[in-house]
Amino acid sequence: MSRKLNFSAGPCAIPLEVLNEMQENFADYQGNGISLAEVSHRHKLYDDVHNEAISLMKELLKVPDNYSILFLGGGGTLAFTMIPMNFLGEGKTADYVNSGTWAKKAIDDAKKVGNVNVVFDGKDSAYSTLPAASSMKASDGSAYFHFTSNETIGGIQWKDWPEVGDTPVICDMSSDIMSRELPIDKFAMIYGGVQKNLGPAGAAFMIIRNDLLERSPDSLTAYLNYKTHAEKNAMYNTPPVFTIWGVKVFLEWVKRNGGVAGMEQLADKKSKLIYDVLDGDDFYKSPVDPAFRSTMNIVFRLPSEELEAQFVKEAAAEGMMFLKGHRSVGGCRASIYNGVPESAVFTLTDFMKDFSRKNG
Ligand SMILES: *Cc1c(COP(=O)(O)O)cnc(C)c1O
């Protein structure tokens, strides 16, 4: 089998080892004569997978004991609604940083639930930069402070963490979770879809400090209340079993490959390889502030849209898939999540240099 090199912004590249292990165990899970896809989620076979996925998140990210870890359906997007429903509170205001497409979606949904104060809006810079973390302040009586650690479409990433006193900090880490070491205790909640850096699509992860759960109003219906899920260890209803199994196998691979520190080193190395090409060759331009360049989603422009289209097409012909930028911003984008090997990035940078020589 000739595998394509997957530079998709999501769902992500999954290491072949992980896919193979899932394939080998799909019909006959670990010699038990039955598939995980057909046993009850209350069965011991699944229960072990569920708890192992949670305990690997806890171990790899060094999550303190006073946090709950959940895997729920609905993706990162359902959290845009559930977070204000659970934590905003009647008549209160929440602070949001508008750093780009994903932050904006979170803001738009929160506004339908309650009051939102936008503390920073990147509109004037076309969302190419971020504020200094140290300049961030929560407003008086703020319910929480929300930001997006990595803008998957814009290609910008926070490098420091905002500190806003006692106001709970909530962060959408969909596209850079598990790619760098984190001071978890600076956050009241971290969440995101799992399909960028943790496994196949179908679930979102939530890491929630338990005191925050006390705010979830009893008036919420059961599923929409985070407390329900935390009290039932994310098994209130049937969980996305296949996805959570994928996350477990993916996290075991992360652990074998140096854990979060190993992933961080790899992300720094891989992203530098590409940024070095962008910086060293006038043919390519990076549209983002160098201080906030993402190590996960690298956006770049070529001299014309025609050349960009040709670049994407020729790369695909050589097995490098999904290098087209998001339709809302155009250009090119290479997403190099944890599952993308360094060798794929070497192939890409060789291709980039070659393409510029031929067309520059
Ligand atoms: C992909 C993404 C989401 C949405 O995730 P879904 O699981 O598709 O709902 C949210 N935030 C960011 C930063 C993302 O990259």
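The values are calculated or read from the model by the stated rules, or taken from the named source; none is laboratory data. Note that this is a predicted model, so its numbers are computed, not measured. Cβ sites come from the backbone with ideal geometry, for glycine too, and all protein chains shown count toward neighbours.
The table that follows gives values for the structure above.
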| item | result |
| --- | --- |
| Count of the range 205-225 residues which are in contact (Cβ under 8 Å) with a residue 60 or more places away in the chain and part of a loop (DSSP other than H, G, I, E, B) | 6 |
| Any hit, the range 62-71, residues being among the basic types (Lys, Arg) and farther than 25 Å from Met178 by Cβ | no |
| So Gly31, is it out of contact with any His (no Cβ under 6 Å at 6 or more places or on another chain) and more than 23 Å from Ala267 (Cβ to Cβ) | yes |
| Leading residue by the ranking (farthest from the chain's Cα centre (by Cα)) among those in the range 70-105 that are aromatic (Phe, Trp, Tyr), more than 9 Å from the ligand (Cβ to nearest atom) and under 25 Å from Gly10 (Cβ atoms) | Tyr96 |
| Residue ID - surrounded by the fewest Cβ atoms within 10 Å (Cβ to Cβ), chosen from residues in the range 1-55 that are part of a loop (DSSP other than H, G, I, E, B) and within 16 Å of the ligand (Cβ to nearest atom) | Pro11 |
| Ala132 being within 14 Å of the ligand (Cβ to nearest atom) and of a type outside the set (Asp, Glu) | no |
| Residue in the range 190-197 that is without any contact (Cβ under 8 Å) to a residue 60 or more places away in the chain, under 25 Å from Phe120 (Cβ atoms) and either within 14 Å of the ligand (Cβ to nearest atom) or assigned to a strand (DSSP E or B) (or both) present | yes |
| All positions within the range 135-155 that are within 16 Å of the ligand (Cβ to nearest atom) and either in contact with a Pro (Cβ under 8 Å, 6 or more places away or on another chain) or among the small types (Gly, Ala, Ser) (or both) | Phe147, Ser149, Gly154, Gly155 |
| Condition broken by Ser271, with the remaining ones in (1) under 30 Å from Gly360 (Cβ atoms); (2) of a type outside the set (Asp, Glu); (3) part of a loop (DSSP other than H, G, I, E, B) satisfied | (3) |
| Selection from the range 315-342 of residues that are free of Cβ contacts under 8 Å to residues at least 40 places away in the same chain and either assigned to a strand (DSSP E or B) or outside the structural domain of Ser286 (by TED's automatic domain parsing) (or both) | Lys324, Cys332 |
| Odd one out for Gly202 among (1) farther than 28 Å from Lys269 by Cβ; (2) in a loop (DSSP other than H, G, I, E, B); (3) away from the ligand (no atom under 16 Å from the Cβ) | (3) |
| Selection count, the range 226-241, where residues are touching a Phe, Trp or Tyr at 6+ places or on another chain (Cβ under 9 Å) and either not in a helix (DSSP H, G or I) or not hydroxyl-bearing (Ser, Thr, Tyr) (or both) | 7 |
| Residue check for Asp124: within 13 Å of the ligand (Cβ to nearest atom), out of contact with any strand residue (DSSP E or B) (no Cβ under 9 Å at 6 or more places or on another chain) and not hydroxyl-bearing (Ser, Thr, Tyr) | no |
| Candidate set: the range 167-188, residues that are of a type in the set (A, V, I, L, M, F, W, C) and within 14 Å of the ligand (Cβ to nearest atom); chosen: the one surrounded by the most Cβ atoms within 10 Å (Cβ to Cβ) | Ile177 |
